[in-house]
Amino acid sequence: MHTRQSFANIFPGLGLAALIAVIANAIARITPDHLISGGVYALLIGMAFHPLVKRFPVFQGGITFTGKRLLRLAIIGMGVTLSISQVVQIGAFSLIVMVFTLATAFGGGYLLGKLLKMPWRQSGLISAGTGICGGSAIAAIAPVINADAQDVAYALSATFLFDIIMVVVFPLLGRAFGMSDLGFGLWTGTAVNDTSSVVAAGYAFSEAAGNFAIVVKLTRTLSIVPVVLVFSVIQMRSVAAERAAGRGASFSFGAVFPWFVLVFLVVVILNSLGLVPSQATTGIARIGKFSMVMALGAIGMKTDAIHLARSGFKPMLHGFLISLAVVVVSFLVQLLLSQT
């Protein structure tokens, strides 16, 4: 009886999130060059539904479940698309570039966040989206640091707007600079945020550049694991500080530690060892991607767009400046290494 009641509680919101995901993916498929991913559309559609959905408590249980628990399952599912061997394939050259771009995103993001007096969770999510892989990194880190829906929306908006600009401008700059397929693929894979934008920009230059950009991007995605673990430590320290100040509940390592990330890492290792059947990989990857879009739609339904519009200038400025810095650093590091 309890199980039926629980399912009945989450079904309306879960079904609505699934409907939004279907619509969002359909729009993404007809978007020229797949410029905007289904996740971004789902977020925007969810935000449009927010004024209506908030009036009906029947949806809230499923929306919360989708935005949190289903999100974690989707992240775990992402593991079947990754392999540890991908890091070796692209070589030390690209890893060096990624070290500098990640340092720029997180170091520069931290300092800029302090300068703009932004909440650390908000600033951290924007840095993660810029430095790693856009919406996937934001979605992975958000539950670890207990970020609210509006922080996630700020971060997604700040990263995807700059992505749209880069998809158009990158191929033009690559040709103007006379870059090779390898160089442009590395630049795109390390500097463009969302995977769909990496694909669009890479293949707009050449097929070879697009193939290389994808490999670089997937390897860059692996940095989600150490970054999430670092943010989990920051969150644990934050919770402990709140407890010491008498502002929060008792601290529990088990409650704060992101156990789902360890499962994600196990899935990556199993896939690397060839223990995940290829048929299962395809199915799990599709379900994981769809669940991620559902989760972003649910996050959108919990986001007040009016409040977002009133107070979103700082996140947008933060995202623009950090994205621009990553683009410049990636290009300069390649240039310096090629001359040594």
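Is there a residue in the range 25-32 that is modelled with pLDDT of 90 or more and of a type in the set (Gly, Ala, Ser)? So far as the range 25-32 goes, yes, one or more of its residues are modelled with pLDDT of 90 or more and of a type in the set (Gly, Ala, Ser).
The residues in the range 110-127 that are touching a residue at least 40 places away in the same chain (Cβ under 8 Å) and closer than 20 Å to residue 41 by Cα can be counted, and the count is 1.
Within the range 201-234, the set of residues being of a type in the set (Phe, Trp, Tyr) and farther than 19 Å from residue 37 by Cβ comprises 205, 212, 231.
Of the helices (runs of 4 or more DSSP H) entirely within the range 39-158, those holding at least 2 residues that are closer than 27 Å to residue 185 by Cβ and either among the aliphatic types (A, V, I, L, M) or in contact with a helix residue (DSSP H, G or I) (Cβ under 8 Å, 6 or more places away or on another chain) (or both) occupy 71-78, 85-103, 120-128, 135-141. For the range 247-296, the candidate set comprises residues that are assigned to a helix (DSSP H, G or I) and charged (D, E, K, R); within that set, the residue that is modelled with the highest pLDDT is 286. In this structure, does residue 212 turn out to be touching a Leu at 6+ places or on another chain (Cβ under 7 Å) and more than 18 Å from residue 100 (Cβ to Cβ)? Against the criterion (touching a Leu at 6+ places or on another chain (Cβ under 7 Å) and more than 18 Å from residue 100 (Cβ to Cβ)), residue 212 qualifies. Just one of the listed residues (48, 28) is touching a residue at least 12 places away in the same chain (Cβ under 8 Å), among the small types (Gly, Ala, Ser) and buried (at least 18 other Cβ atoms within 10 Å of the Cβ), and it is 28.
Of the residues making up the range 200-238, those that are assigned to a helix (DSSP H, G or I), of a type in the set (A, V, I, L, M, F, W, C) and surrounded by fewer than 21 Cβ atoms within 10 Å (Cβ to Cβ) number 11.
The values are calculated or read from the model by the stated rules, or taken from the named source; none is laboratory data. All values derive from a computational prediction rather than experimental measurement. Reconstructed Cβ throughout: ideal geometry from the backbone, glycine too, with neighbour counts over all protein chains shown.
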